[in-house]
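The next block holds one structure in the form of structure tokens; read it before the comments.
The values are calculated or read from the model by the stated rules, or taken from the named source; none is laboratory data. It should be emphasised that the depicted structure is a prediction, and the values quoted were computed from it without experimental measurement. Cβ atoms come from the backbone with ideal geometry, glycine included; neighbour counts cover every protein chain shown.
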């Protein structure tokens, strides 16, 4: 719009040149093509560059940045024989296809309506200029009419474009949402089937309960609550940096562990906070966390003292 006067002057210069030289130039004259390009390019290039720039800016806004990809230019043999039925089904007979058609028709209708309205408003004035011999004034009137058409059309199309952008983003977000079944399938793929996982956990617990008596017999010490919690430890110093949890249990299992420990001369030490903490923070096979090392060191010191006393009595 700002360059409209400049475009008008350039077009007038080009038209005057051709009308003045309509019989002087030969069509096959090389100089004719040079003059033609020299007059045409200053008019076409700004419009083309403006269109390219507008397309780039709109693409940046929609994609929120540059996206460099070679996927769009990769050869695809499926495009040689396109599936027209599938194409029309997706583009014409879908909700999105119908929406796009309605949107395009709305744009055309808006531009045509604006053009008709402006022509009706300025037609009498332009014809008056022509009758009075004011061709220059008539051309300026037409150029002003075109400028108004461009401004009003641009504003309305921008409004339609913003609405279209909001609808497209909303549709995209809806498509990205997963159904409940899709969430379940995704969870199965990432975390495993809950039913299978539950059976595995049950089998592991059963295996641990079967191995529990042996683990308690081979332990260094059993730490108790004293009645509701029991945790057994074993420390193979040549293989481990710290003691390992060999078994743990609550209520009846804890009582069974204490009974097995007493029958096999495994020291039983009552320490309520330590027993509860180890039961909550560790699993069978875990090495003692560093936060418990000081308390465990005191337990093993007590175990060493108890073993010495037992050895003295046996002598």
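Only one residue in 142, 152, 110 is surrounded by 14 or more Cβ atoms within 10 Å (Cβ to Cβ), modelled with pLDDT of 75 or more, within 25 Å of residue 10 (Cβ to Cβ) and touching a helix residue (DSSP H, G or I) at 6+ places or on another chain (Cβ under 8 Å), so which one is that?
The unique qualifying residue is 152.
Just checking, does region 161-169 include any residue being assigned to a strand (DSSP E or B), farther than 30 Å from residue 119 by Cα, within 49 Å of the chain's Cα centre (by Cα) and at pLDDT 80 or above?
For region 161-169, residues assigned to a strand (DSSP E or B), farther than 30 Å from residue 119 by Cα, within 49 Å of the chain's Cα centre (by Cα) and at pLDDT 80 or above: absent.
Would you check if there is a residue in region 170-188 being modelled with pLDDT under 75 and within 30 Å of residue 279 (Cβ to Cβ)?
For region 170-188, residues modelled with pLDDT under 75 and within 30 Å of residue 279 (Cβ to Cβ): present.
Got a sec? Which strands (runs of 3 or more DSSP E) wholly within region 220-315 have at least 3 residues that are in contact (Cβ under 8 Å) with a residue 40 or more places away in the chain?
By residue number, 221-224, 229-234, 268-270.
Of all residues in region 267-283, how many are closer than 11 Å to residue 233 by Cβ and at pLDDT below 90?
Counting residues in region 267-283 that are closer than 11 Å to residue 233 by Cβ and at pLDDT below 90 gives 1.
Find the residue count for region 239-267, including only residues that are surrounded by fewer than 17 Cβ atoms within 10 Å (Cβ to Cβ) and within 22 Å of residue 308 (Cβ to Cβ).
4
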